[in-house]
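Below you'll find the structure, written out as structure tokens, and then a few comments.
The values are calculated or read from the model by the stated rules, or taken from the named source; none is laboratory data. The model shown is predicted, which means the values in this text are computed figures rather than measured ones. All Cβ positions, even for glycine, are placed from backbone atoms using ideal geometry, and neighbour counts span all protein chains on display. Remember, those area values only see protein heavy atoms, side chains included, never the ligands or the DNA or RNA. Shrake-Rupley method; radii C 1.70, N 1.55, O 1.52, S 1.80 Å.
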Amino acid sequence: MPESPGPATPAARPHLTGTVVHGAGRGHGLGFPTANIAAGPDSPVPPAAVYSGWVLRHRTGAVHPATISVGSNPTFCDTADVHVEAYCHDLAEDVYGERVTVWFAARIRDTVKFPSPADLVRAVREDVRRSGAVLASDHGRRVREDALAAHRRTTTSS
Ligand SMILES: Cc1cc2nc3c(=O)[nH]c(=O)nc-3n(C[C@H](O)[C@H](O)[C@H](O)COP(=O)(O)O)c2cc1C
């Protein structure tokens, strides 16, 4: 996923829309609760990896800085299915059942099968730090503006 320059049209930026569903319920215990997103039919899921991006809540129109995992959670070997999970840095509230769009800003690393949950937690802390730096950069701010502009277009045209 390119960091810069951005594509000519905001809608061309990689994004995914879906509904927040219940996951395995492990995230709270690990210290990073995630919104598990069931991608809609028109939203291709990007390759398994950890990404930096913005989560737009359709209900509120607010965008939240996030670190996103796309993968089958190999550390826990619980499923072969690919999950899209967003850890929103500034959102404590429950968003189950809500429609959200994830706007991807950068790829951070490969998904890894960690030897223990504690190793995963340490890696996620570093992911969140790196993701925050990407989102605070000029590129990250541009992705946020494009996400908001695209949302405004859909809400005014419907
Ligand atoms: C930033 C981030 C990075 C992640 N990286 C990995 C990873 O490399 N390997 C892995 O097995 N799971 C990874 N996960 C997924 C976690 O295993 C998952 O969020 C956790 O098990 C909670 O799942 P649940 O929401 O279904 O309860 C990551 C999650 C986040 C938010």
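Brief remarks follow.
- Remark: the range 84-158 carries a charge dipole of roughly 280 debye about the Cα centre, counting +1 on each Lys and Arg Cβ and -1 on each Asp and Glu Cβ.
- Protection proxy ranking of 28-39, 96-107 - average other beta-carbon atoms within 10 Å, highest first: 96-107, 28-39
- The largest-to-smallest principal axis extents of the Cα set in the chain are 47, 32, 26 Å.
- The slack in the chain from A80 to H28, taken as 0.36 nm per residue of separation less the alpha-carbon distance, amounts to 16.5 nm.
- The chain - percent of accessible surface contributed by carbon and sulfur, probe 1.4 Å: 55 percent
- Net charge dipole, the chain: roughly 300 debye, given to the nearest 20, about the Cα centre with Cβ charges of +1 for Lys and Arg and -1 for Asp and Glu.
- Value of [θ]222 nm, deg cm²/dmol, for the chain, DSSP H segments ≥ 4, -39500 (n - 2.57) each, nearest 500: -9000 deg cm²/dmol
- Since only N73, G18, A136 are under comparison, the one whose Cα sits farthest along the positive direction of the charge dipole of the chain, derived from C-beta charges on Lys, Arg, Asp and Glu, is A136.
- Angle between the chain longest axis and helix 138-157 axis [Cα atoms, degrees, rounded to 10]: 60 degrees
- Take every Cα pair under 8 Å whose residues are at least 6 apart in sequence, average their separation, divide by the length of the range 12-146, and the relative contact order is 31 percent.
- For H58, the shell of other residues with beta-carbons less than 14 Å away shows a net charge of +4, using +1 for Lys and Arg and -1 for Asp and Glu.
- For H83, the amide hydrogen comes within under 5 Å of the amide hydrogens of G71, S72, N73, counting only partners 5 or more places away or on other chains and with H modelled in the peptide plane.
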